[in-house]
Amino acid sequence: MTDSIGTPATEVVLCPGGPALIRSDVAVVDVIVAEGQSVARRPVVALCRCGRTGRAPWCDGTHKLAGGPTAKTLPTRKDEP
Amino acid sequence: MLLPRARGPLSGLLRHLLLEGTEELAELDATARGRAATMPALSALDDEDLQLSLWMIYELSFRGFDDVDDRWESAPEVAGLRAVLERPFEQALRDATTSWTERALAVDGDVADQVFALAAGFDEGPDLSKFIRKEATPDQVRHFLRQRSVYHLKEADPHTFVIPRLTGPAKAHLVELQYDEYGGGRSGFLHHELFATTLRQAALDDTWGAYIDDADAPTLASSNAMSLFCLHRRLRGAAMGHLAAFEATSSIPCRRIAAGLLRTGFGEDAARYYDEHVEADAVHEQLAAREICGTLVRTGDVTARDVLFGAAACLVLDALQATALMAQWEDTGASDLAEAPL
């Protein structure tokens with residue numbers, strides 16, 4: 001859906017190794033999940049994409065705990081083997 | 001709030017200047033310059049007298065003091081003193097973060113990947129949130145809340161000063177993040193109002209500045225670092241890197257702290273501030289790291305090194321705060337804390 005000047009009214013940003021950010025200037029985001037529905041209360045929301053969140057459908061940062069295929073790590077210290 | 005009590009000669013002379021006028025200005029200037037010149041590396045982060053003095057000066061740009069004329073904020077005597085005190089503070093932050101910044105810069109990826117890798121790999125200091133979830137006594141939790149009140153009761157305010165220094169998408173996303181911090185325009189839902197509720201539920205004073213006299217040096221330094229970064233245009237990259245690291249180390253610890261507040265019997269109203277931050281900061285970390293810092297570096301407005309300096313400073317100061325709290329808890333039995341003035 002776009003407005004008259006071609007700007008999307010709803011934008012989805014896929015964060016590598018993380019959630020999908022959803023921002024909409026039409027209405028608050030309303031997500032239907034198995035247990036019912038969950039209405040966002042903030043201007044931009046993050047939807048879980050790893051399936052491990054404790055706050056479905058929202059991201060709660062859990063994707064960071066186990067790393068993941070796209071997670072980057074610091075190089076080891078110079079004094080470490 | 002009233003000016004805090006002095007913690008040494010510097011804050012004593014500064015108090016006198018702000019309350020009484022300029023009689024001892026030469027002595028204050030000499031004391032500040034002498035302290036700055038002779039301060040060993042890193043010790044600025046642990047110097048109560050210096051940190052409290054800086055905190056008092058910065059606070060003139062936020063809510064001020066009931067017993068101080070607001071005109072002191074832009075008085076040349078105070079601006080000059082601020083510059084003298086900021087120099088060893090900034091240098092100490094750079095010294096404490098260089099190795100972390102270098103390691104983060106070596107991560108193959110964009111600055112957001114580097115911030116997330118730094119936050120995940122940073123291993124200084126004890127894990128305070130795990131301790132609060134599992135072991136802390138109610139008095140230790142209240143001690144933690146008193147220290148955190150120094151920043152959380154003005155949460156997000158420093159970063160608002162950065163908005164006019166950014167342009168385009170980075171500015172739009174910082175405003176978006178701040179709007180959420182300020183409750184989406186709903187009075188009563190500002191994050192610092194949610195923290196005030198937490199304080200009241202823990203039978204603590206939610207008045208701004210109520211516990212400033214108890215704030216330890218790392219707590220003052222953490223608040224001061226945000227003011228330093230956010231009140232200087234040249235440090236806007238560090239300000240946004242600090243924000244990104246703060247948000248990237250928030251969701252999971254907040255979930256643990258909320259569990260700790262429930263475990264120690266403070267109730268759901270007390271835990272709400274932390275509960276709100278589990279979801280909020282899972283959004284904010286992406287906004288800050290990718291859409292704010294990522295854009296700023298991609299467009300050449302700031303460097304990745306600027307951003308990572310601020311990010312590492314946030315983590316180092318957080319570790320110093322955690323270390324100080326845990327050390328105090330090891331030295332002092334919970335019963336002694338209960339008897340200490342609130």
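Here are a few things to note about the model shown:
- Pairs with Cβ under 7 Å, 6+ apart, first in region B:141-156 and free of Cβ contacts under 8 Å to residues at least 40 places away in the same chain, second open to solvent by less than 20 Å² (accessible area, probe 1.4 Å) and in a helix (DSSP H, G or I): B:Ala156/B:Gln178; B:Ala156/B:Glu181; B:Ala156/B:His191
- Unique residue being away from chain B (no Cβ under 12 Å), modelled with pLDDT of 65 or more and in a loop (DSSP other than H, G, I, E, B) when the list is A:Gly18, A:Gly51: A:Gly51
- When every residue of region B:213-226 is checked against the conditions, none turns out to be farther than 30 Å from B:Arg7 by Cα, in the same structural domain as B:Ala327 (by TED's automatic domain parsing) and not charged (D, E, K, R).
- Conditions (1) part of a helix (DSSP H, G or I); (2) acidic (Asp, Glu); (3) without any contact (Cβ under 8 Å) to a residue 60 or more places away in the chain; number of the one not met by B:Asp123: (1)
- Which numbered condition B:Val84 fails, given (1) in the same structural domain as B:Ser223 (by TED's automatic domain parsing); (2) touching a residue at least 40 places away in the same chain (Cβ under 8 Å); (3) part of a helix (DSSP H, G or I): (1)
- The listed residues are B:Arg234, B:Arg200, B:Arg263, and the only one of them that is over 16 Å from B:Phe89 (Cβ atoms) and either within 14 Å of another protein chain (Cβ to nearest Cβ) or free of Cβ contacts under 8 Å to residues at least 40 places away in the same chain (or both) turns out to be B:Arg200.
- Screening B:Glu330, B:Glu279 for residues that are more than 19 Å from the chain's Cα centre (by Cα) and more than 14 Å from chain A (Cβ to nearest Cβ) leaves exactly one candidate, B:Glu330.
- For region B:165-272, the helices (runs of 4 or more DSSP H) that sit wholly inside it and include 3 or more residues that are open to solvent by less than 40 Å² (accessible area, probe 1.4 Å) and small (Gly, Ala, Ser) are B:217-231, B:236-248, B:251-263.
- Look at (1) under 22 Å from A:Asp60 (Cβ atoms); (2) small (Gly, Ala, Ser); (3) touching a His at 6+ places or on another chain (Cβ under 6 Å) and you find that B:Gly267 fails only one, number (3).
- Candidate set from region B:120-154 (those that are more than 12 Å from every other protein chain (Cβ to nearest Cβ) and aliphatic (A, V, I, L, M)); member that is surrounded by the most Cβ atoms within 10 Å (Cβ to Cβ): B:Ala136
- Candidate set: region B:9-46, residues that are touching a residue at least 40 places away in the same chain (Cβ under 8 Å) and part of a loop (DSSP other than H, G, I, E, B); chosen: the one nearest to B:Phe65 (Cα to Cα): B:Thr22
- Out of A:Val12, A:Val31, sole residue that is at pLDDT below 80 and part of a strand (DSSP E or B): A:Val31
- Residue in region B:101-119 that is within 14 Å of chain A (Cβ to nearest Cβ), open to solvent by less than 30 Å² (accessible area, probe 1.4 Å) and within 21 Å of B:Thr219 (Cα to Cα) present: yes
- Options B:Ala75, B:Ala96, B:Ala44, B:Ala79; residue that is in contact with a Pro (Cβ under 6 Å, 6 or more places away or on another chain) and more than 14 Å from every other protein chain (Cβ to nearest Cβ): B:Ala44
The values are calculated or read from the model by the stated rules, or taken from the named source; none is laboratory data. Here the structure is a predicted model, which means the values were calculated and not measured. Don't worry about glycine lacking a Cβ; one is built from the backbone with ideal geometry, like all the others, and counts go over all protein chains shown. When the accessible area is computed, the model is the full protein with side chains, heavy atoms only, and any ligands, DNA or RNA have been set aside. Shrake-Rupley method; radii C 1.70, N 1.55, O 1.52, S 1.80 Å.
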